[in-house]
Amino acid sequence: MFHCLDKQKPRSVVFVHSRTHLGGECKLNKEQFHEIAHGLEFSDLPFIWGLIKPNSDNSDQVDDFLPLGFVDRTSEKGLVCFGWVPQMEILGHPSIGGSLFHSGWGSVIETLQFGHCLVVLPIIFDQPLNARLLVEKGLAAEVKRNEDGSLSREEIAKSLRLAIVEEEGEQLRTNARKAGAAFGDHKLQDHYIGAFVEYLKNNIKKEVINRSS
């Protein structure tokens with residue numbers, strides 16, 4: 001896996017956070033899975049995609065979710081890994097330039113700390129809200145959906161290319177690198193957390209005093 005990444009140019013590879021789903025609760029159907037796969041193929045960008053088999057005795061089920069011939073057609077550009085992948089180590093590799101994922105906040109933090117561009121595909125819960133915030137802050141490109149809400153391979157490819165190689169995405173890449181300096185500073189994060197805890201303590205104490213007086 002890392003041998004293949006070592007061959008790629010810096011910040012040129014897309015890491016797809018999805019496996020058999022986009023996060024623990026975001027399970028995709030076969031049609032959605034195919035659109036993501038075709039979007040990766042249409043983008044003509046190098047990529048790495050980890051696929052973990054669903055809870056099933058059918059060993060071929062994951063293969064069924066990929067378009068026919070997808071692995072062979074993309075073998076020169078992409079790497080599909082069946083099974084667990086070391087996500088943080090992959091994100092930390094210098095060849096990774098961006099990530100396609102659901103915009104869950106945990107994945108946002110993990111990705112931004114390396115200064116990678118975000119390509120977000122929100123599904124449920126807080127993900128649409130997170131995606132909107134990231135787009136407004138100039139940190140992410142959100143994949144546009146069809147009018148019926150379905151995924152479009154063309155839009156997936158378009159968003160990926162914008163984030164990784166297109167000239168129009170240069171500001172996005174610059175913003176992501178700047179954000180990486182803050183998100184990757186663990187001392188700074190500890191300071192913010194400590195300050196927030198102190199704020200809660202002080203304000204709770206004031207509230208208790210006010211209520212008792």
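Listed values, structure above:
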{"read-out": "Dipole of the chain, positive end: most advanced residue of Ala181, Val85, His3 [Cβ charges, Cα centre]", "value": "Ala181"}
{"read-out": "Candidates His191, His116, His17: whichever shows maximal mean-square fluctuation once the chain is modelled as a Gaussian network with Cα springs under 10 Å", "value": "His191"}
{"read-out": "Whole-number percent relative contact order across segment 60-167, with pairs defined as alpha carbons under 8 Å at least 6 apart", "value": "19 percent"}
{"read-out": "Rounded, prolate or oblate (a/c below 1.5 giving rounded, otherwise prolate when a/b exceeds b/c) for segment 102-197 by Cα gyration tensor", "value": "oblate"}
{"read-out": "Once exposed loop chymotrypsin sites (Phe, Trp or Tyr not before Pro) are cut out (DSSP; at most 16 other Cβ, 10 Å), longest piece of the chain", "value": "126-213"}
{"read-out": "Candidates Ser99, Ser159, Ser75, ranked by Gaussian network fluctuation over the chain, Cα under 10 Å, top entry", "value": "Ser75"}
{"read-out": "Dipole of the chain, positive direction: furthest Cα of Ile164, Leu134, Ile36, with charges on the beta-carbon", "value": "Leu134"}
{"read-out": "Rel. contact order, % - alpha carbon contacts under 8 angstrom, at least six apart, segment 2-184", "value": "26 percent"}
{"read-out": "Segment 76-122, relative contact order in percent, only Cα pairs under 8 angstrom and at least six apart counted", "value": "37 percent"}
{"read-out": "Shape category assigned to segment 124-166 from the gyration tensor of Cα positions, a/c cut at 1.5", "value": "oblate"}
{"read-out": "Long pairs among Lys77/Lys158; Lys7/Lys137; Lys30/Lys137, criterion Cα-Cα beyond 23 Å", "value": "Lys7/Lys137; Lys30/Lys137"}
{"read-out": "Overall form of the chain per C-alpha gyration tensor (a/c, 1.5; a/b vs b/c)", "value": "prolate"}
{"read-out": "Given the chain, longest segment not containing exposed loop GluC sites (Glu not before Pro) (DSSP; at most 11 other Cβ within 10 Å)", "value": "1-75"}
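None of the figures in this text is laboratory data; all of them are computed from the coordinates on show. Please read all numbers here as calculations on a predicted model, not as lab measurements. When we count neighbours, we look across all protein chains shown, and the Cβ atoms used for this are built from the backbone with ideal geometry, even at glycine.
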